[in-house]
Amino acid sequence: MATPFTTYSLDQLRARTSAKWKHFAPDVLPLWVAEMDSTIAPSVIEAVNAALALGDTGYAVGDAYGEAFVEYAQRRWHLELDPAFTIAVIDVIRDLPL
């Protein structure tokens with residue numbers, strides 16, 4: 001399995017602009033926020049590049065994300081979920097009704 005430390009050199013990781021790599025001195029190995037170093041699946045890179053090429057950077061509408069998550073959860077974790085119970089959140093500070 002590829003990991004950030006087997007995929008990228010320490011110099012490549014330190015060249016990133018995230019707070020994780022810019023906040024501390026070079027002699028510190030900041031392991032407090034590992035998800036910033038995730039490798040990106042080629043299919044995700046292709047989808048993002050396709051959206052950018054179209055200028056399609058607006059907020060998504062519809063059920064596509066919920067349906068994709070339900071399919072993934074079934075395939076990966078064998079969970080039976082209902083896409084009606086998913087909510088697309090377009091930002092991390094959105095107030096959702098409980």
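Using a 1.4 Å probe on the protein chains only, how many percent of the accessible area of the chain belongs to carbon and sulfur?
In the chain, the share of accessible area belonging to carbon and sulfur is 62 percent.
If I take R0 = 41 Å and measure r between the Cβ atoms of A64 and V28 in this structure, what FRET efficiency does the formula 1/(1 + (r/R0)^6) give, to the nearest 0.05?
0.50
Within 14 Å, Cβ to Cβ, of A15, how many net charges do the neighbouring residues add up to if Lys/Arg are +1 and Asp/Glu are -1?
Details: positive: R14, R16, K20, K22; negative: D11, D37.
So the environment of A15 carries a net charge of +2.
Mind checking the per residue accessible area of the chain for me, 1.4 Å probe, whole number of Å²?
Result: 85 Å² per residue.
Viscosity 1.567 mPa s, temperature 4 °C: give me the Stokes-Einstein translational D for the chain in µm²/s, with Rh taken as the Kirkwood radius over C-alpha pairs.
76
Using Cα centres only, tell me the gap between the range 44-70 and the range 1-27 in whole Å.
Result: 27 Å between the Cα centres.
Given the protein chains as shown and a 1.4 Å probe, how many square angstrom of F24 are accessible, to the nearest 10?
About 80 Å², rounded to the nearest 10.
The values are calculated or read from the model by the stated rules, or taken from the named source; none is laboratory data. Being a predicted model, the structure only gives us computed values, none of them experimental. All Cβ positions, even for glycine, are placed from backbone atoms using ideal geometry, and neighbour counts span all protein chains on display. The protein model used for the area step is the full one, side chains on, heavy atoms only, and it has no ligands, DNA or RNA in it. Shrake-Rupley method; radii C 1.70, N 1.55, O 1.52, S 1.80 Å.
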